[in-house]
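Data block below; observations after.
Each reported figure results from applying straightforward, stated rules to the coordinates on display, with no laboratory input. Remember, predicted model here, so these are calculated numbers, not experimental data. As a convention, Cβ positions derive from the backbone with ideal geometry for all residues, glycine included, and neighbour counts pool all protein chains shown.
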Amino acid sequence: MSAITVRPVLSKADTKAFIELAYRLNGDDPHWVPPLRAEVAATIDPKKNGWFSHAEAQLFLAERGGKVVGRISAHIDRLALEMPREQGFGPGTGFWGLFEAEDAEVAKTVIETAEQWLRDKGLTKAIGPVSLSIWEEPGLLVKGHDHSPTVLMGHHPARYQGWIEALGYTEAKKLVTYELNVAQEFPPLIQRIVSNGEKNPRIRIRKVDKSKFAEEAAIILAILNDAWSDNWGFIPLTQPEIDDVGKKLKPLVFEDLIRIAELDGEPVAFMVTLPDLNEAIKPLKGSLLPFGWAKLLLWLRRPQVLTMRVPLMGVVKRLQSSRMASQLAFMLIEQIRRAAVSNYGASRGEIGWILEDNQGMVAIADAIESHVNREYLIYHKPI
């Protein structure tokens, strides 16, 4: 067998080869959702991804016999370096991601290349896969290969787990998603909690106003950065990232699916729900041409979907662990559930990702009778 060579991505042709490899290696998996190539290109372009305002990355391609057989990114997030170590990252921490490999030998070669790049930068710990930001697609899928991911979630071959662990990587954190039947009403106890909250004059659950997109996004960001600030792996979202995510997700923003909870007139909690765009883009096979763009635009006008995903929700820190926090969460979930079923035809919901040891969110997920359907592992290793 020919030797494997690894080189940095330096040209447009290299970038195209980097993107295309995922389609070749995963194309036969019926549950893999081919991302739109333009979206992948934007993710790795420093001019189009606000994450690069506080990070740097190097992409690598592996070749064998003139054929591209692997890829990886090695990257440094300056905000992660500033974190306290007890929150998972901190000084000396580097990352790798966007990992694809044809076989175990290729996997070993590209991961070791990423590790060496990080060592050369003075780093002492590698965490992966994280592609590229912790807010994008963190972790390797280790449970749930039998169904397709929802929008903005990753999907990876089962064989990758063994290849990565054989290189000395161990679990740093497990992320989970929860699945539930949203066409079914919640248990009576939850219904009573919601009903009591809806009678409380101090509480107001409101839809976002899409005509005030920037202002509403700022409210949600403020709650998010406060609510999640003590979580493992938390890196504050920066304004450049918010601007880019806003452009990307604005077409998926429907006012009745994103709501803010106010207590005595103060915004204290929120929940973001997205119709599962993957249901629309999966048949497009990564391209909007020749007619995919028209189909997607038609779908976005008023999507009718099987699944809704809740990627983000939060309650301000001062209310966490209180009965009010749980009540607000249940009220947000229930009001959005009603809209998802009646206005979009949804019957399935997915909540996450959630840190496996986030006791508050796990308790909420259990209370509404959801169950874990996908698990992702983030690995770490001293280098």
Grab the other residues whose beta carbon is less than 15 angstrom from that of GLY94, score K and R as +1, D and E as -1, and report the net.
0
Quick check: convex hull over the Cα atoms of segment 331-374, volume per residue in Å³, rounded to an integer?
80 Å³
Which trypsin sites (Lys or Arg not before Pro) in segment 144-185 pass both tests, a DSSP loop state and at most 16 other beta-carbon atoms within 10 Å?
none
Just want the ordering: LEU61, LEU140, from fewest to most Cβ atoms lying within 10 Å of their own Cβ.
LEU61, LEU140
Work out how far the C-alpha atoms of segment 93-236 reach from end to end along every principal axis, then list the three figures in whole Å, largest first.
61, 35, 28
Given only helices, namely DSSP H runs of n ≥ 4 each adding -39500 (n - 2.57), what is the per-residue ellipticity at 222 nm of the chain, to the nearest 500 deg cm²/dmol?
-10500 deg cm²/dmol
Are any of the pairs LYS16/LYS285; LYS12/LYS285; LYS212/LYS247; LYS16/LYS295; LYS108/LYS381 more than 19 Å apart by Cα-Cα distance, and if so, which?
LYS12/LYS285; LYS16/LYS295
For segment 179-375, the Kirkwood Rh over every pair of distinct alpha carbons, in Å, works out to 17.6 Å
Using all C-alpha to C-alpha distances in segment 4-175, build P(r) with 5 Å bins and read off the rounded percent in each one.
1, 8, 17, 23, 22, 17, 9, 2, 0
Ranked output for segments 211-217, 85-91 by mean other Cβ atoms within 10 Å, highest leading, reads 85-91, 211-217
Final fewest-first order of ILE368, ILE351 on the 10 Å Cβ neighbour count is ILE368, ILE351
Which value results for Rg/Rh of segment 196-305 when Rg is the Cα radius of gyration and Rh the Kirkwood radius based on the inverse mean 1/r?
1.04
Over all distinct Cα pairs, what is the inverse of the mean 1/r for the chain, reported as the Kirkwood hydrodynamic radius in Å?
21.7 Å
Can you find, among HIS155, LEU180, PRO34, the residue sitting farthest towards the positive end of the charge dipole of the chain, where Lys and Arg contribute +1 and Asp and Glu -1 at Cβ?
PRO34
Neighbour-count ranking for THR124, THR93, THR15 (other C-beta within 10 angstrom, fewest to most) reads THR124, THR15, THR93
